[in-house]
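Following: one structure in structure tokens, then a few remarks.
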Amino acid sequence: MEKINLMNDYNTTAHPRVLDAIGDAAGKRFAGYGADEETAIAAETVRRLAGRADADVHFLSGGTQTNLTSIGAFLRPHEAVVSPASSHIYVHETGAIEAAGHKIVNFPAKNGKADADSVRAVVESHTDEHMVKPKLLFVSQATELGTFYTRAEMAALREVCDAYGLYLYVDGARLANALAAGACDLGLETLAGFADAFYIGGTKNGLLFGEALVIANPLLGADFRYNMKMRGGLLAKGFLLGIQFRALLEDGLYLELAARANKMAALLTEGLLAAGVPLLTDTCTNQVFALARPDELSRLEERVLFERWGPCEGERAPVRFVTSWQSSADEIGRVLDCFRL
């Protein structure tokens, strides 16, 4: 029997409605580099959903490229990024930001979330021109540990950014999962009011590829397409991004897919707790972190694709499961069988 794939949420091509939209465009001709009608409609849809008619919207192929291009465009050479130690740019992007010349100053963060006191401490420890100058706070919604920021928490980060002249940049690779979490009171329009820039992730939520960057701060939008070209992000067939995002955003598919993934993660969490399996952290999105015994790991490795998330904690090892819009209750049940004697 084929292994159940809970390694990540981008392990299939794309949702059928997205593929149908691309298929419907077969044989049609479009302007290049995103200067086409489909992309213009998708950008306008993003502005409408975000409640920001004045925002600059750009479509890029993936999260690392979006982060690298954005941060490189927003910061001067001596300016640095402040981020939780678990952030994607610090752990999983092969040093891309620092290779491009911007130091990342990280700090420990409970459950992957930044807090105002930690940000304040980092900024105040950089005292003069002999050090890099913190200028941008990087956070993820949802976080790399599956948690999310509430409206009050994001407001507190906005306040500390304003106090110290920092930009607030939000990685939205799994933004849909945060927005679809029932306990999350931070909607898209509210986020657009707090963040200087953020992106709406599509790669991990039903697209072949693609992220929609929203630049809400007008000071950051100048010459951005030059930066996209320089970083290899200005796709000749940019219309493929526009077609996909139009299909994803126009009829609510974006949140529908995320809600489905979250529901399967909740089912997995409920089953793990019922089986007496401890969790590494509590989440309400589509990532589940469990602590597995050696015998459970052995059964998992035979039947499931998953990710080990670090060294053993006593007799148990942390593992990560990621559900997607394709995950089913039957698959979740088969995963839980690995934890039942």
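Just so you know, all these numbers are worked out from the coordinates, no wet-lab data involved. Worth saying up front: this structure is predicted, and the values here are computed from it rather than measured. Cβ atoms come from the backbone with ideal geometry, glycine included; neighbour counts cover every protein chain shown.
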Pairs, please: C-beta under 7 Å, at least 6 apart or cross-chain, first residue at positive phi and in segment 301-322, second outside any helix (DSSP H, G or I)? Gly310/Pro318
Among the residues of segment 189-227, which ones are under 12 Å from the mean Cα position of the chain (by Cα) and among the polar types (S, T, N, Q)? Thr203, Asn205
Anything in segment 192-209 that is under 19 Å from Gly51 (Cβ atoms) and surrounded by fewer than 24 Cβ atoms within 10 Å (Cβ to Cβ)? List them, or say none. Ala192, Gly193, Phe194, Asp196
For the condition aromatic (Phe, Trp, Tyr), surrounded by 18 or more Cβ atoms within 10 Å (Cβ to Cβ) and more than 12 Å from Asn8 (Cα to Cα), what is the one hit in Phe306, Phe339? Phe339
On the given criteria, is Gly172 out of contact with any Lys or Arg (no Cβ under 6 Å at 6 or more places or on another chain), under 22 Å from Tyr199 (Cβ atoms) and surrounded by fewer than 16 Cβ atoms within 10 Å (Cβ to Cβ)? no
If I ask for residues that are part of a loop (DSSP other than H, G, I, E, B) and touching a residue at least 12 places away in the same chain (Cβ under 8 Å), which ones from segment 102-128 would you list? His102, Lys103, Pro108, Ala109, Lys113, Ala114, Asp115, His126
Out of (1) in a helix (DSSP H, G or I); (2) crowded, with 17+ Cβ neighbours inside 10 Å, what's the single condition that is false for Gly333? (2)
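If you check Arg299, Arg246, Arg225, which single one turns out to be out of contact with any strand residue (DSSP E or B) (no Cβ under 6 Å at 6 or more places or on another chain), basic (Lys, Arg) and farther than 30 Å from Asp20 by Cα?
Values: Arg246 fails: farther than 30 Å from Asp20 by Cα; Arg225 fails: farther than 30 Å from Asp20 by Cα.
Going through Arg299, Arg246, Arg225 in turn, just one is out of contact with any strand residue (DSSP E or B) (no Cβ under 6 Å at 6 or more places or on another chain), basic (Lys, Arg) and farther than 30 Å from Asp20 by Cα: Arg299.
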Scanning segment 165-184 for residues that are in a loop (DSSP other than H, G, I, E, B) and in contact (Cβ under 8 Å) with a residue 40 or more places away in the chain, which turns out farthest from the chain's Cα centre (by Cα)? Leu166
Do we find that Gly101 is surrounded by fewer than 16 Cβ atoms within 10 Å (Cβ to Cβ) and within 26 Å of Lys229 (Cα to Cα) in this structure? yes
Picked from segment 311-325 (must be assigned to a loop (DSSP other than H, G, I, E, B) and under 11 Å from Leu291 (Cβ atoms)), the residue nearest to the chain's Cα centre (by Cα) is Cys312
Given the criterion surrounded by 15 or more Cβ atoms within 10 Å (Cβ to Cβ) and outside any helix (DSSP H, G or I), identify the matching residue among Val57, Val18. Val57
